[in-house]
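**Student:** Let me begin by handing over the structure; questions about it come next.
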Amino acid sequence: MGCGGGTLFYPLLITLSVALITYNIIISANSPLKQDFPGSSTSSSDISIDPVIELPRGGGSRIRGKRTRLFHTAVTASDSVYNTWQCRVMYYWFKKVRASAGPGSEMGGFTRILHSGKPDKFMDEIPTFVAQPLPSGMDQGYIVLNRPWAFVQWLQQTDIKEDYILMSEPDHIIVKPIPNLARDGFGAAFPFFYIEPKKYEKVLRKYYPEERGPVTNIDPIGNSPVIVGKAALKKIAPTWMNVSLAMKKDPEADKAFGWVLEMYAYAVSSELHGVSNVLHKDFMIQPPWDTEVGDKYIIHYTYGCDYDMKGKLTYGKIGEWRFDKRSYDSSPPPKNLTMPPPGVAQSVVTLVKMINEATANIPNWGS
């Protein structure tokens, strides 16, 4: 049991953390990123824009024949076997899809932001920036907190040529060339049904005060997939780090948001800096719930896919046929995974085919 001092300590810590976040946003406009805790941030815009709008259309502008809207794809990862095999598959398809798009593609470079603090043996295979992890114990067992801190370091220390950033994840497979969906100061993001700012208004008001406007200004997004201007992300990232750490130290926020806490922190930080997002539901699919690939750009294989041999989904029960990324947390999936039985969703069939193609062509797979 804790003592009375602990009861007073946590509210005081939360109050100080939120005050510091607000202070950073107000006074530190145009200041450089700093590698300390908490990180500095820049001032946010006072313009409030409804983020739920139609996706603007039209190609990117050109200067002397060169497209000016290239985006750089960045993926944060640990050095675990689990994250590493996913990154290798992801990068294989990134390269193949970008090459298929031809010279007009808006897909620029690629970086794996490795937040283990040390190089690994895949540095030559995948373009990699090595970021330092959070100090020991600061993530409280929630390793995702390393993501915003890794982005702060990468944005500070790297000369990124492109003007936009696509934040992606290891368990994303790019299906077709992605255009730059960001427009006119808006980011482009996938809306998640389980990010519900209105439902958690009481908690979020600690980090998004009433004078900023209605809590529904906060988009139902995480940081990924998101395409956002590089300059905007340099402002957002330190605040994202601060808000994530403050929420994790706040028992009420930690309980409310759980494993998606860092997603809420990004959504709040983006809006604090006046960066609203076009909510682009066709950005990606998530098998087995989304059954067709259609015109989507990314397959996100976060959920397990369990079926009986008649092709019926048996979610919640291990199927006679299954693919679940968590089955390969200590060793990568073997080459030539068994294909699903007839009747399984086309999205799942496509996912397995794409993983099989990658593992068949990536050198030294399984090493």
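**Student:** Check whether at least one residue in region 75-88 is touching a strand residue (DSSP E or B) at 6+ places or on another chain (Cβ under 6 Å), open to solvent by less than 40 Å² (accessible area, probe 1.4 Å), of a type outside the set (Ser, Thr, Tyr) and not in a helix (DSSP H, G or I), and report yes or no.
**Tutor:** Yes, region 75-88 contains at least one residue that is touching a strand residue (DSSP E or B) at 6+ places or on another chain (Cβ under 6 Å), open to solvent by less than 40 Å² (accessible area, probe 1.4 Å), of a type outside the set (Ser, Thr, Tyr) and not in a helix (DSSP H, G or I).
**Student:** Another question, if that's okay. Which residue, of 89, 75, is touching a residue at least 12 places away in the same chain (Cβ under 8 Å), among the hydrophobic types (A, V, I, L, M, F, W, C) and under 27 Å from residue 270 (Cα atoms)?
**Tutor:** 75
**Student:** Let me ask something else. When you scan region 188-222, how many residues do you find that are in contact with a Ser or Thr (Cβ under 7 Å, 6 or more places away or on another chain) and outside any loop (DSSP other than H, G, I, E, B)?
**Tutor:** Number of matching residues: 2.
**Student:** Say whether the condition of being in contact (Cβ under 8 Å) with a residue 40 or more places away in the chain, at positive phi and part of a loop (DSSP other than H, G, I, E, B) is met by at least one residue in region 295-306.
**Tutor:** No - not one qualifying residue is present in region 295-306.
**Student:** Would you point out the residue of region 328-338, among those that are surrounded by 14 or more Cβ atoms within 10 Å (Cβ to Cβ) and out of contact with any Gly (no Cβ under 8 Å at 6 or more places or on another chain), that is nearest to residue 79 (Cα to Cα)?
**Tutor:** 328
**Student:** Out of the residues in region 353-367 that are open to solvent by 20 Å² or more (accessible area, probe 1.4 Å) and assigned to a loop (DSSP other than H, G, I, E, B), which is modelled with the lowest pLDDT?
**Tutor:** Only one residue fits best here, namely 367.
**Student:** Right, here's the next one. Can you pull out every residue in region 84-135 that is under 18 Å from the mean Cα position of the chain (by Cα), charged (D, E, K, R) and under 18 Å from residue 165 (Cα atoms)?
**Tutor:** 112
**Student:** Let me confirm something: among 198, 176, 206, 202, which residue is among the basic types (Lys, Arg), open to solvent by 50 Å² or more (accessible area, probe 1.4 Å) and under 30 Å from residue 366 (Cβ atoms)?
**Tutor:** The match here is 176.
**Student:** Please state which one of 171, 139 is closer than 22 Å to residue 302 by Cβ, modelled with pLDDT under 95 and buried (at least 16 other Cβ atoms within 10 Å of the Cβ).
**Tutor:** That would be 139, the only listed residue that is closer than 22 Å to residue 302 by Cβ, modelled with pLDDT under 95 and buried (at least 16 other Cβ atoms within 10 Å of the Cβ).
**Student:** Answer with yes or no whether residue 177 is within 19 Å of the chain's Cα centre (by Cα), assigned to a loop (DSSP other than H, G, I, E, B) and not charged (D, E, K, R).
**Tutor:** Criteria met by residue 177.
**Student:** Can you tell me which residues in region 278-294 are surrounded by fewer than 16 Cβ atoms within 10 Å (Cβ to Cβ) and either closer than 14 Å to residue 354 by Cβ or touching a residue at least 40 places away in the same chain (Cβ under 8 Å) (or both)?
**Tutor:** Of everything in region 278-294, those that are surrounded by fewer than 16 Cβ atoms within 10 Å (Cβ to Cβ) and either closer than 14 Å to residue 354 by Cβ or touching a residue at least 40 places away in the same chain (Cβ under 8 Å) (or both) turn out to be 281, 291, 292.
**Student:** Considering each of 255, 325, 317 in turn, give the residue that is open to solvent by 10 Å² or more (accessible area, probe 1.4 Å) and in contact (Cβ under 8 Å) with a residue 12 or more places away in the chain.
**Tutor:** 325
**Student:** I want to confirm something. Restricting to region 94-127 and keeping residues that are β-branched (Val, Ile, Thr) and touching a Phe, Trp or Tyr at 6+ places or on another chain (Cβ under 6 Å), which single residue is most open to solvent (accessible area, probe 1.4 Å)?
**Tutor:** Only one residue fits best here, namely 111.
**Student:** Which residue pairs have Cβ atoms closer than 6 Å, lie 6 or more positions apart in sequence or on different chains, and pair a first residue in region 180-209 that is closer than 30 Å to residue 163 by Cα with a second residue that is of a type in the set (Phe, Trp, Tyr)?
**Tutor:** 180/71; 180/164; 182/164; 190/283
**Student:** Output the qualifying pairs, or none if there are none: Cβ atoms under 6 angstrom, residues six or more apart or on different chains, first residue in region 130-155 and farther than 19 Å from residue 251 by Cα, second residue modelled with pLDDT under 95 and not hydrophobic (A, V, I, L, M, F, W, C).
**Tutor:** Once the first residue is farther than 19 Å from residue 251 by Cα and sits in region 130-155, its partners that are modelled with pLDDT under 95 and not hydrophobic (A, V, I, L, M, F, W, C) give 152/39.
**Student:** If you scan region 325-352, which residues turn out to be part of a helix (DSSP H, G or I) and farther than 18 Å from residue 289 by Cα?
**Tutor:** Within region 325-352, 327, 328 meet the criteria.
**Student:** Another one. Considering only region 209-246, how many residues are open to solvent by 10 Å² or more (accessible area, probe 1.4 Å), under 25 Å from residue 300 (Cβ atoms) and out of contact with any Pro (no Cβ under 7 Å at 6 or more places or on another chain)?
**Tutor:** Number of matching residues: 3.
The values are calculated or read from the model by the stated rules, or taken from the named source; none is laboratory data. Predicted model, so just to flag it, every value in this text is computed and none were measured. Heads up, the Cβs are rebuilt from the backbone with ideal geometry, glycines too, and the neighbour counts pull from every protein chain shown. What goes into the accessible areas is simple: the full protein's heavy atoms, side chains included, and nothing from ligands, DNA or RNA. Shrake-Rupley method; radii C 1.70, N 1.55, O 1.52, S 1.80 Å.
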